[in-house]
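Below is one structure; the comments refer to it alone.
The values are calculated or read from the model by the stated rules, or taken from the named source; none is laboratory data. Remember, it's a predicted structure, so these values are computed and weren't measured experimentally. A quick note on method: Cβ atoms are made from the backbone with ideal geometry, for glycine too, and the neighbour counts reach across all protein chains shown. To get the accessible areas, we keep the full protein, side chains included, count just its heavy atoms, and leave off ligands, DNA and RNA. Shrake-Rupley method; radii C 1.70, N 1.55, O 1.52, S 1.80 Å.
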Amino acid sequence: MERKGIKIVKGNVEEIIEKLNKALSDEWLAYYQYWIGAKVVKGKFREEVANELSQHAGEELKHAEMLVDRIIQLGGTPVLKPEDWYKLTNCGYDAPTDPDVIPILKQNIKGEQCAIEVYQGLSEYLKDKDPISYYMVLEILKDEIEHEDDLINILEDIS
Ligand code: FE
Ligand code: FE
Ligand code: MG
């Protein structure tokens, strides 16, 4: 049956789904970068940093869930293969090969700054096209700004 919820979208639905899938790929990579970072991190304030990284990992996973649900609601197929995360990602993945707290924090700050740019761009793109995705992206953007702020504050406390 035709879905009114999809019909009201003014933009190109396929293009919106494609952009949401790119963001979904970013979220999975961000999730893993935080999750594994929390496991391997060493040095000053290790426990405090690990707790913050774990908390952020959980929030990135929540973003992935929001994006997947919206993609499916729009009649799209979410990324099904992890290998496609690398093909679709906007922000990439920074492996925490140096487990010291400082480089780990810096890598994740860089990731958040990229995410902020991506979601800011996405919000502008969606604004007059799809109010539901627009609203969702603003919620995610709010979290990413909080993440950046949290990490910079910890980095400044340590330095
Ligand atoms: Fe996120
Ligand atoms: Fe984040
Ligand atoms: Mg936090």
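Brief remarks follow.
- Annotation: extensible slack from K127 through T97 equals 6.9 nm (criterion: 0.36 nm per residue apart, minus Cα-Cα distance).
- Virtual spin-label span in nm between W35 and V13, 7 Å along Cα→Cβ: 3.1 nm
- Between the Cα long axis of helix 13-40 and the first principal axis of the chain there is an angle of about 20°, rounded to the nearest 10.
- Taking the Cα centre of the chain as reference, the dipole from Cβ charges on Lys and Arg (+1) and Asp and Glu (-1) amounts to some 600 debye.
- Dividing the mean sequence gap of close Cα pairs (under 8 Å, 6+ apart) by how many residues the chain holds gives a relative contact order of 30 percent.
- Dipole orientation for the chain: of the candidates A64, W35, C114, A64 has the Cα lying most toward the positive pole (charges on Cβ; Lys, Arg +1; Asp, Glu -1).
- Distances between placed amide hydrogens fall under 5 Å for D100 paired with K42, all partners being 5 or more residues away or on another chain.
- Using the Cβ-Cβ distance between K142 and Q73 with R0 set to 22 Å, the FRET efficiency works out to roughly 0.60.
- At a probe radius of 1.4 angstrom, the accessible area of the range 12-158 per residue rounds to 52 square angstrom.
- Other residues with beta-carbon under 10 Å from the beta-carbon of Q113 carry, at +1 per Lys or Arg and -1 per Asp or Glu, a net charge of -3.
- Within the accessible area of the range 12-158 (1.4 Å probe), percent carbon and sulfur: 52 percent
- Binning all Cα-Cα separations of the chain at 5 Å, short to long from zero, yields these whole-percent fractions: 2, 9, 19, 21, 17, 13, 9, 5, 3, 2, 1, 0.
- Greater than 28 Å apart at Cα, pairs in K19/K110; K42/K81; K87/K110; K39/K81; K19/K42: K42/K81; K19/K42
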